[in-house]
Amino acid sequence: MSQDHETKTCKMCAMGIPAAAKKCPYCLHWQRWWTLQHPLFGTLVVMVFVAAVVSVPTVLLQRVTCEWEPFAKHADQIKIVEEKMEFGEDQSGPAVVVVGRVKNLSQVDWKDVRFQVAFLNAKGQLFDAGQQECYTYRLPAGKETPFKVSFRRQFPEKEYTSHKVDIITAVDARKWP
């Protein structure tokens, strides 16, 4: 028997239909629900397309147009709770490293944090300073987070008797990009 004459039974009406039929010619029932010609497949494609067209631009528009919190309004809620100074070498030579923990007491997640460190000599005078923006560093709202900033050391190690760390800027993490 050739393939053209092979039949199968419709799952809905039990009529004999061609074996290759995707849809019964009598009752119009789809033989396989996952076929690409099935109306549900088209409906699903349309729903996914509409969701993408509506939701993705909405989320992007919201991120671009939302009101972000200015860091200056919350700067007093960012506290350095622990810090210590270490000395070492990096690829550019002698380095001074400050490590510690910072606590974000605000209700805002911050990103792109800029640390500023003032280094003082034995007389309490400022003699060196550095700023470092940490683009991948985040301060989650209400959490304590470790930090590390490293600077090229230009003076002898014994000159660095104390330091002061401040966070001078950060960006609301909801801001895009």
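The values are calculated or read from the model by the stated rules, or taken from the named source; none is laboratory data. Note that the structure is predicted; figures quoted are calculated from it, not measured. All Cβ positions, even for glycine, are placed from backbone atoms using ideal geometry, and neighbour counts span all protein chains on display.
Among residues of region 121-135 being among the small types (Gly, Ala, Ser) and under 27 Å from Val171 (Cβ atoms), the one that is nearest to the chain's Cα centre (by Cα) is Gly130. For region 60-74, the set of residues classified as at pLDDT 75 or above and either surrounded by 11 or more Cβ atoms within 10 Å (Cβ to Cβ) or among the hydroxyl-bearing types (Ser, Thr, Tyr) (or both) consists of Trp68, Glu69, Pro70, Phe71, His74, listed by residue number.
All conditions in (1) within 26 Å of Trp68 (Cβ to Cβ); (2) touching a helix residue (DSSP H, G or I) at 6+ places or on another chain (Cβ under 7 Å) hold for Ile167, with the sole exception of (2).
Restricting region 162-177 to residues that are closer than 14 Å to Leu139 by Cα and among the β-branched types (Val, Ile, Thr), the residue that is surrounded by the most Cβ atoms within 10 Å (Cβ to Cβ) is Ile167. Entry remark, region 134-159: residues being touching a residue at least 60 places away in the same chain (Cβ under 8 Å) and over 18 Å from Asp90 (Cα atoms) number 2 in total.
One residue alone among Pro39, Pro57 is modelled with pLDDT under 90, in contact with a strand residue (DSSP E or B) (Cβ under 9 Å, 6 or more places away or on another chain) and not assigned by TED's automatic domain parsing to the domain that holds Val117, and that residue is Pro39. On the stretch given as region 105-133, residues that are over 19 Å from Lys148 (Cα atoms) and free of Cβ contacts under 8 Å to residues at least 60 places away in the same chain total 10.
Within region 128-138, can one find any residue that is surrounded by 15 or more Cβ atoms within 10 Å (Cβ to Cβ) and of a type in the set (A, V, I, L, M)? Looking for residues that are surrounded by 15 or more Cβ atoms within 10 Å (Cβ to Cβ) and of a type in the set (A, V, I, L, M), one finds none in region 128-138, hence no. The residues of region 108-143 that are of a type in the set (Gly, Ala, Ser) and over 16 Å from Glu83 (Cβ atoms), listed by number, are Ala122, Gly124, Ala141, Gly142. Among the residues of region 97-120, those identified as under 30 Å from the mean Cα position of the chain (by Cα) and aliphatic (A, V, I, L, M) are Val97, Val98, Val99, Val102, Leu105, Val108, Val113, Val117.
Residue pairs whose Cβ atoms lie under 7 Å apart, separated by 6 or more positions or on different chains, with the first residue in region 160-177 and over 20 Å from Val102 (Cβ atoms) and of a type outside the set (D, E, K, R) and the second surrounded by 13 or more Cβ atoms within 10 Å (Cβ to Cβ) and at pLDDT below 95, are Trp176/Arg63.
Taking the criterion of being in a strand (DSSP E or B) and of a type in the set (Val, Ile, Thr), would at least one residue in region 109-121 satisfy it? Yes, the conditions are met somewhere in region 109-121.
Summed over region 152-177, residues that are within 14 Å of Leu126 (Cα to Cα) and part of a strand (DSSP E or B) total 4.
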